[in-house]
Amino acid sequence: MLGIDFQKSSKGKWPTPPFDPRFPNQNQTRNCYQNFLDYHRCVKSMNLRGKSTQPCEYYFRVFHSLCPISWVQRWNQQIMDGTFAGKI
């Protein structure tokens with residue numbers, strides 16, 4: 001499901017995210033939101049285990065490719081305020 005080339009690409013390259021069969025439609029709003037949640041869940045889980053958050057980089061790159069910056073800023077602000085509706 002996840003392209004190996006996408007996961008191992010250099011930090012300067014930001015290719016288009018690979019096809020995700022969970023989101024087959026043209027509208028990628030849900031894909032954006034799900035990858036945002038997956039990133040924050042991954043970071044939280046890795047921090048609790050005391051491990052590196054480097055594996056979470058994939059989700060970060062995908063949601064930054066798909067999501068408008070204004071959405072990400074608003075969601076991050078809501079997380080800091082404790083009003084974010086998603087379960088992280």
Where residues in region 50-88 are within 13 Å of the chain's Cα centre (by Cα) and in contact (Cβ under 8 Å) with a residue 40 or more places away in the chain, which of them is surrounded by the fewest Cβ atoms within 10 Å (Cβ to Cβ)?
Ile88
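Could you check region 21-35 and list, in sequence order, the residues that are over 14 Å from His64 (Cα atoms) and surrounded by 15 or more Cβ atoms within 10 Å (Cβ to Cβ)? Full working, then the answer.
Of the residues in region 21-35, the ones over 14 Å from His64 (Cα atoms) are 21-27.
Scanning region 21-35 gives a single hit, Phe23.
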Among the residues of region 36-49, which ones are surrounded by fewer than 18 Cβ atoms within 10 Å (Cβ to Cβ) and either hydroxyl-bearing (Ser, Thr, Tyr) or over 25 Å from Arg74 (Cβ atoms) (or both)?
Ser45, Leu48, Arg49
Wholly enclosed helices (runs of 4 or more DSSP H) of region 1-76 bearing at least 2 residues at pLDDT below 90:
4-8
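The values are calculated or read from the model by the stated rules, or taken from the named source; none is laboratory data. Worth saying up front: this structure is predicted, and the values here are computed from it rather than measured. Glycine gets a Cβ as well: all are built from the backbone with ideal geometry, and neighbour counts include every protein chain shown.
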